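Here the structure comes first, spelled out in structure tokens, and everything after it is commentary.
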Amino acid sequence: MVALSKQHSLYEWSAQANVDPIPVAKAKGIYFWTPEGKRFIDFNSQLMCVNIGHGDPRVIKAIQDQAATLAYANPFMATEPRARLGQKLASICPGDINVFFFTNGGAEAAENAIRIARMYTGRHKILTRYRSYHGGTAGALTLTSDPRRWAAEPGIPGVVRVPHHYHGIERGSDTAAEALAILEEIIMMEGPQTIAGFILETVTGTNGILIPPDGYLEGVRALCDKHGIMMIADEVMSGFGRTGAWFAVDHWKIVPDIITMAKGLTSAYVPLGAVGVRQGIADHFQQKVLFSGLTYNSHPLGCAAALATIAVYEEDNLIEHAKAMGVVMGKMLAELKAKHPCVGDVRSIGLFGIVELVKDRKTMEPLAPFNGTTPPMQALAKFFREQGLYTFVRWNTFFTNPPLCITEAELAEAFAIIDKGLYITDQAVG
């Protein structure tokens, strides 16, 4: 399995000689297994997407039934799952976000969000933040501000980067006030009349689980209103219960103009993304052409899977469960920080968490450099794999993003492995 995969396919974001994939034969709940029967705890929900857990029979049956009834219809047509999914999303999305453009995933949702913002406003510039990730396609990568963007530059025109609110945390400042002041200064220097939208991950994902301070999102909403800029909330990773709410914006009671989603929308059982827009934006396209579309948009299998997945969230109370288990996980993360000198910081909201490792807590020097690794981090990653814990180990961090169905006992099982592993990295502390 591994040999043929490496021989005949290219692996993502990797030098192919360094690829060492885990072979996966089956999965159920929070676990997956290799063909030889080794069990892994999926502590990253794969790519922060299998929110309901693996192998839920309700979603599988919905996909099977839809495939047997209508496997495909082109996106110019109307289908029952498309109709019902739009209605359902309107009922759970914030405010008057009532209308949806269905895509194949999160990157395409970002691409279409900025296209809609540009067509609606007649402006061309898009603001984005450093420490962001919005997807791997050409436009989404330009919006991204981490090293994955570099190979794709120069990218699409009209993208302006602004500092992340986290820059203020590093300097010990009033992060919301400073970040908002800098943001408005950049808006004025760029010319507000030229700026179509500001896209931001509500809670930053792979660049550090960075939770906005109170007042920040409210201030962004006010600035966007003041200057006629579309506020675009990227909820691809943070949506569908990951933070203990349907969408992360719900914590701050913010209604963006445009919201992007994917991942937890179907729990990745079938590819699907969506762009949700407020009613006024949708009304604009009643007489104006929406210049966008792909063959697999609004795919019946994806829409059916999404409907079934949302039903699972509701039937199993997974949003509330994620909030409760998030409190438990937060305590477990705090215990790691108190116990291990290598842990410089922990951050979490719901079941969206990260552990940041340092050489020295006083200086907060990271245990691996930006966009790099070190022998201690490599040893920790190896230990996790040997012990059957799957999660992302990136630079000087690792993630704690389990499926939302996880129990307290299963959390304890995973954290017991993490606790043992951190003794390896403790040895690197000066």
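Compute the normalised compactness of region 54-155: alpha-carbon radius of gyration over 2.2 N^0.38 Å, N being the residue count.
Compactness ratio reported: 1.36.
May I ask you to list, by number, the DSSP H helices of the chain whose Cα span along the axis is at least 27 Å and whose average Kyte-Doolittle hydropathy reaches 0.0 or more?
Qualifying helices: 318-339.
Hey, if you put +1 on the Cβ of every Lys and Arg and -1 on every Asp and Glu Cβ in region 18-75, which of ASN74, CYS49, ALA25 ends up farthest toward the positive end of that dipole?
About the Cα centre, the residue reaching furthest to the positive side is ALA25.
Would you compute, from DSSP H runs of 4+ residues alone, the mean residue ellipticity of the chain at 222 nm, taking -39500 (n - 2.57) per run and dividing by the full residue count, rounded to the nearest 500?
For the chain, the value works out to -12000 deg cm²/dmol.
Mean-square fluctuation check for the chain, GNM, Cα pairs under 10 Å: which of GLU190, GLU410, GLU12 is largest?
GLU12
Give me a comma-separated list of calculated 3J(HN,Hα) values for region 25-36, in order, Karplus coefficients 6.51, -1.76, 1.60 applied at θ = phi - 60°, integers in Hz, x for any Gly or Pro.
With coefficients 6.51, -1.76 and 1.60, one gets 9, 7, 8, 7, x, 9, 10, 9, 10, 7, x, 7 Hz.
ALA151 label point, 7 Å along Cα→Cβ, cut-off 17 Å on backbone N: hits in region 361-403?
Inside the label zone: 371-373, 395.
So for region 57-315, if I pair up every lysine 8 or more residues apart or on another chain, how many of those pairs have alpha-carbons under 29 Å apart?
Pairs that pass both the separation and distance tests number 12.
List the residues of region 41-75 whose backbone N lies under 16 Å from a point placed 7 Å from the Cα of ALA25 along the Cα-to-Cβ direction.
41
Just to confirm a number: summing +1 for Lys and Arg and -1 for Asp and Glu over residues other than SER145 whose beta-carbon lies under 10 angstrom from that of SER145, what do you get?
+4
Enumerate by residue number the chymotrypsin sites (Phe, Trp or Tyr not before Pro) in region 10-97 meeting two conditions: DSSP loop (anything except H, G, I, E, B), and at most 10 other Cβ atoms within 10 Å of the site's Cβ.
TRP13, PHE76
Once you list every other residue whose beta carbon is under 13 Å from the beta carbon of LYS337, what net charge do they have if Lys and Arg are +1 and Asp and Glu are -1?
That works out to -1.
In the neighborhood of ALA73, defined by Cβ-to-Cβ distances under 12 Å, what is the net charge if each Lys or Arg adds +1 and each Asp or Glu adds -1?
Charge balance in the 12 Å sphere: 0.
Between ALA107, ALA311, ALA68, find the one with the highest GNM mean-square fluctuation for the chain; connect C-alpha pairs within less than 10 Å.
ALA68
Taking 0.36 nm per intervening residue step and subtracting the Cα-Cα distance, what contour gain separates ARG385 from ASP65 on full extension?
The ARG385-ASP65 span can extend by a further 111.5 nm.
For the residue pair ARG58 and ASP283, what label-to-label distance in nm results when each label sits 7 Å from Cα along the Cα-to-beta-carbon direction?
Taking the simple label geometry, ARG58 and ASP283 are separated by 3.6 nm.
Give the value in nm², to one decimal: projected area of the alpha carbon convex hull of region 221-300, averaged over all directions.
Averaged projected area of region 221-300's Cα convex hull equals 6.5 nm².
For region 57-315, would you read off the P(r) tail past 31 Å as a percentage of all alpha carbon pairs?
Counting pairs separated by more than 31 Å, the tail of P(r) holds 22 percent.
Would you please give the residues with an amide H less than 5 Å from that of VAL160, counting only those at least 5 places away or on a separate chain, with H modeled from the backbone geometry?
Amide H neighbours of VAL160: ILE126, LEU127, THR128.
Are there any chymotrypsin sites (Phe, Trp or Tyr not before Pro) in region 256-307 that are in a DSSP loop and have at most 12 other Cβ atoms within 10 Å? List them by number.
Qualifying residues, ordered by number: PHE291.
Note down the relative contact order for region 326-365 as a percent, whole number, built from C-alpha pairs under 8 angstrom at least six residues apart.
Value for region 326-365: 35 percent.
Over the chain, what is the percentage of antiparallel beta bridges among all DSSP beta bridges, to the nearest 5?
65
With labels modelled as points extended 7 Å from the Cα through the Cβ direction, what inter-label distance (nm, one decimal) is found for GLN7 paired with GLN87?
5.2
All of the numbers you see were taken from the coordinates with simple rules; none came from a lab. Predicted model, so just to flag it, every value in this text is computed and none were measured. So basically every Cβ, Gly included, is an ideal-geometry build from the backbone, and we count neighbours across all protein chains shown.
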